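Enquirer: Before I ask anything, here is the structure I am working with.
The values are calculated or read from the model by the stated rules, or taken from the named source; none is laboratory data. Bear in mind that the values here come from a model prediction, so they are computed numbers and not experimental data. We place every Cβ from the backbone using ideal geometry, glycine too, and count neighbours over all the protein chains shown.
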Amino acid sequence: MKTVKLYETDSYLKMKDCIVHELTEWEGRPALILEETIFYPEGGGQLFDTGTIDGVPVTNVQEVDEVIYHVLEAEHPFKPGQKVHTQIDWERRFDFMQQHTGEHVLSGVIENRLGYKNVGFEINEEFMRVDYNGLFTKEQLDELEDEANRMVLENRHVLAFVPGEETISQLEYRSKKPLEGDVRIVDVQGVDVCACCGTHVAFTSQVGIIKIIDDMHHRGGTRMTVLCGERALKDYRTLNDQSRELSAGLSAPSRELTESFIHQQELRQEEIRRMVHLEREILNLRLENLSKSDIWMHFEEYLVGRDLARLSATLAHDKDLFFLLSGDDEVGYNYILTAKTIDTREIAKEMNTALDGKGGGKPEVVRGGLKATREEIERWVHDNGSLFS
Ligand SMILES: [Zn+2]
């Protein structure tokens with residue numbers, strides 16, 4: 001028995017007493033088939049409704065061959081013929097109705113203006129994704145968004161109906177695939193005529209704002225991320241909060257954040273140039289001091305990475321043995337140990353075991369890290385002096 005789809009004729013039905021047809025299963029979970037339903041099943045790019053049946057939560061709604069399965073959170077002794085009270089999560093549904101109708105308005109405007117088709121569509125709990133088979137400039141996107149929002153303000157009527165065969169053959173409408181049998185048409189007056197099985201608001205003003213928040217090239221066309229209604233407002237609130245925080249942090253008016261960011265980037269580049277210069281200076285000073293002295297172990301605070309490796313490589317030329325470390329007591333120390341006459345791997349092995357370290361290398365040079373304090377390292381080296389000679 002086909003389930004009567006009450007949401008197709010009235011998408012504003014929030015609750016309704018319905019008759020149980022059958023208690024069955026859906027993928028191992030208890031599921032109920034009703035004679036008629038206000039629950040929209042997943043399909044056509046729109047997610048299923050949630051809600052309750054006699055207080056039992058409905059966690060999923062699916063449709064197979066025109067039969068709608070209401071998947072229940074828990075077992076319940078429903079009986080065929082029994083009247084049950086059904087209620088949908090209206091906030092979730094109305095949000096989907098806003099997104100879905102917003103898609104019709106935007107796709108209608110795009111097709112009318114540029115002839116591009118909507119070739120893919122999905123609404124999830126966070127955003128709506130729409131694919132078009134054409135490319136847009138930024139100016140075009142802004143114009144289309146303006147036009148779509150004008151259509152919202154004009155409060156156009158949204159009609160859903162199943163026309164007779166004669167009417168449908170005369171009708172021009174958008175459709176992602178060839179359709180047979182009864183085709184349900186959704187008509188956003190003067191904007192869009194489209195074959196669609198989803199739920200929609202009755203007047204475009206209920207869509208609220210339509211905002212394209214992202215666009216990217218996708219399979220030769222464009223994939224857009226769109227927010228409508230309350231989603232768009234929430235997104236604006238989040239972005240506004242962010243921009244106010246940034247504005248306070250950068251001490252710049254929120255309308256000048258981009259300029260301020262560019263200025264900060266320039267300052268940062270200048271600082272990096274200065275820092276690189278200073279690191280070179282430190283490197284040269286260290287080299288001068290260390291190569292002249294008979295120091296064979298040195299802790300470094302400011303040099304890292306390539307500069308540290310350069311320092312070690314240069315000293316390895318001049319000295320039979322050199323143990324170079326960099327870091328601090330909080331995070332530990334990286335080390336490079338070089339030697340001309342002894343196998344550094346032996347030392348590394350002992351040291352890594354004793355000081356929670358790791359690393360290795362060749363007989364003449366080992367690199368690694370130690371999870372120990374400077375004091376612990378110095379004490380261990382002192383106690384194991386024989387290893388180094
Ligand atoms: Zn639709």
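Enquirer: Pick from 147, 139, 166: which is surrounded by 13 or more Cβ atoms within 10 Å (Cβ to Cβ) and part of a helix (DSSP H, G or I)?
Expert: Result: 147 is the single residue among 147, 139, 166 that is surrounded by 13 or more Cβ atoms within 10 Å (Cβ to Cβ) and part of a helix (DSSP H, G or I).
Enquirer: Follow-up question, since we're still on this one. Looking at the structure I just gave you, is residue 191 within 15 Å of the ligand (Cβ to nearest atom), within 27 Å of the chain's Cα centre (by Cα) and buried (at least 18 other Cβ atoms within 10 Å of the Cβ)?
Expert: When the stated conditions are applied, residue 191 does not pass them.
Enquirer: Could I ask something else about it? Can you name the condition, by its number, that residue 122 falls short on among (1) assigned to a strand (DSSP E or B); (2) farther than 27 Å from residue 206 by Cα; (3) in contact with a Gly (Cβ under 7 Å, 6 or more places away or on another chain)?
Expert: If we test residue 122 against (1) assigned to a strand (DSSP E or B); (2) farther than 27 Å from residue 206 by Cα; (3) in contact with a Gly (Cβ under 7 Å, 6 or more places away or on another chain), just (2) comes out false.
Enquirer: Still on this structure, I have one more. Taking residue 201 as meeting all but one of (1) surrounded by fewer than 18 Cβ atoms within 10 Å (Cβ to Cβ); (2) within 16 Å of the ligand (Cβ to nearest atom); (3) hydrophobic (A, V, I, L, M, F, W, C), write down the number of the exception.
Expert: Only one criterion is unmet by residue 201, namely (1).
Enquirer: Condition first: touching a residue at least 60 places away in the same chain (Cβ under 8 Å), crowded, with 17+ Cβ neighbours inside 10 Å and in a loop (DSSP other than H, G, I, E, B). Now tell me which residues in the stretch 45-80 satisfy that.
Expert: 45, 47
Enquirer: For the stretch 1-44, which positions are under 33 Å from the mean Cα position of the chain (by Cα), of a type in the set (D, E, K, R) and not in a strand (DSSP E or B)?
Expert: Correct list: 8, 14, 27, 42.
Enquirer: If you go through the stretch 258-311, how many residues are over 30 Å from residue 388 (Cα atoms) and aromatic (Phe, Trp, Tyr)?
Expert: Number of matching residues: 1.
Enquirer: Any residue in the stretch 90-111 that is modelled with pLDDT of 95 or more and part of a loop (DSSP other than H, G, I, E, B)?
Expert: There is no residue in the stretch 90-111 that is modelled with pLDDT of 95 or more and part of a loop (DSSP other than H, G, I, E, B).
Enquirer: Sticking with this one: Residue 185: within 11 Å of the ligand (Cβ to nearest atom) and hydrophobic (A, V, I, L, M, F, W, C), yes or no?
Expert: yes
Enquirer: How many of the residues in the stretch 167-182 are within 15 Å of the ligand (Cβ to nearest atom) and over 28 Å from the mean Cα position of the chain (by Cα)?
Expert: Of the residues in the stretch 167-182, 5 are within 15 Å of the ligand (Cβ to nearest atom) and over 28 Å from the mean Cα position of the chain (by Cα).
Enquirer: Would you confirm, using the coordinates I've provided, whether residue 229 is closer than 23 Å to residue 7 by Cβ, assigned by TED's automatic domain parsing to the domain that holds residue 152 and away from the ligand (no atom under 16 Å from the Cβ)?
Expert: Answer is no for this residue.
Enquirer: Residue check: is residue 227 in contact with a helix residue (DSSP H, G or I) (Cβ under 6 Å, 6 or more places away or on another chain) and in contact (Cβ under 8 Å) with a residue 60 or more places away in the chain?
Expert: Spelling it out, residue 227 is indeed in contact with a helix residue (DSSP H, G or I) (Cβ under 6 Å, 6 or more places away or on another chain) and in contact (Cβ under 8 Å) with a residue 60 or more places away in the chain.
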